[in-house]
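A.B. asks: Dropping a structure here in structure tokens format, bear with me for questions.
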Amino acid sequence: ETRIAELKKIVAAFRKDRGWIGESPKDIALSLVLEAAELLEHFQWKSGEEVKNEARLYGPICDELSDVLWWVLVMAEALGIDVSRAFELKTTKNNEKYPADAFKGLSNEERQRVYYRIKAKYRGGHPLAEDGEE
């Protein structure tokens, strides 16, 4: 298993050897989104099952996931973010925001409804998200 710190070193060394340094956080964010869009292209016009069963997509999906991770690590380095710690903190927030008990025993449709109701509540969204009514 590779640790985030090791991956950051690999990316930093690769970039340094090529003089690929100094991009602005905005440009890094754009690159991240572009790579995520390239990942998404492999899912266009296919169901989740079709993607899972289409062996020829495995390699390209791995490549695009790696590119997305690459830019996440570049952004973390540029902004001095400890990705492992940030992930731990965000997971704690998500456990509080989306308690497992709120989703137990629900159909997929009901889980989606609860998810979006909670999401809207935290964003100060629609009034129906406040009281749980539909």
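A.B. asks: Taking segment 54-106, which residues are free of Cβ contacts under 8 Å to residues at least 24 places away in the same chain, within 16 Å of the chain's Cα centre (by Cα) and within 18 Å of Leu39 (Cα to Cα)?
C.D. replies: Ile61, Cys62, Asp63, Ser66
A.B. asks: Conditions first: (1) exposed (fewer than 14 other Cβ atoms within 10 Å of the Cβ); (2) assigned to a helix (DSSP H, G or I); (3) free of Cβ contacts under 8 Å to residues at least 12 places away in the same chain. Glu1 passes all but one, so which condition is the exception?
C.D. replies: Glu1 satisfies all of (1) exposed (fewer than 14 other Cβ atoms within 10 Å of the Cβ); (2) assigned to a helix (DSSP H, G or I); (3) free of Cβ contacts under 8 Å to residues at least 12 places away in the same chain except (2).
A.B. asks: Next up: In segment 114-125, which residues are surrounded by 14 or more Cβ atoms within 10 Å (Cβ to Cβ) and basic (Lys, Arg)?
C.D. replies: Passing the criteria: Arg117, Lys121.
A.B. asks: Filter segment 1-46 down to the residues that are polar (S, T, N, Q) and either modelled with pLDDT under 95 or touching a Cys at 6+ places or on another chain (Cβ under 9 Å) (or both), then identify the one that is farthest from Glu64 (Cα to Cα).
C.D. replies: Thr2
A.B. asks: Hey, among the residues in segment 20-33 that are open to solvent by less than 100 Å² (accessible area, probe 1.4 Å) and in a helix (DSSP H, G or I), which one's nearest to Gly80 (Cα to Cα)?
C.D. replies: Among them, the one singled out is Pro25.
A.B. asks: Looking only at residues in segment 6-19 that are without any contact (Cβ under 8 Å) to a residue 40 or more places away in the chain and surrounded by 12 or more Cβ atoms within 10 Å (Cβ to Cβ), which one is farthest from Ser84 (Cα to Cα)?
C.D. replies: The extreme case among them is Ile10.
The values are calculated or read from the model by the stated rules, or taken from the named source; none is laboratory data. Quick caveat: nothing in here was measured; it's all calculated off a predicted structure. Reconstructed Cβ throughout: ideal geometry from the backbone, glycine too, with neighbour counts over all protein chains shown. Surface accessibility is based on the protein's heavy atoms, side chains included, excluding ligands, DNA and RNA. Shrake-Rupley method; radii C 1.70, N 1.55, O 1.52, S 1.80 Å.
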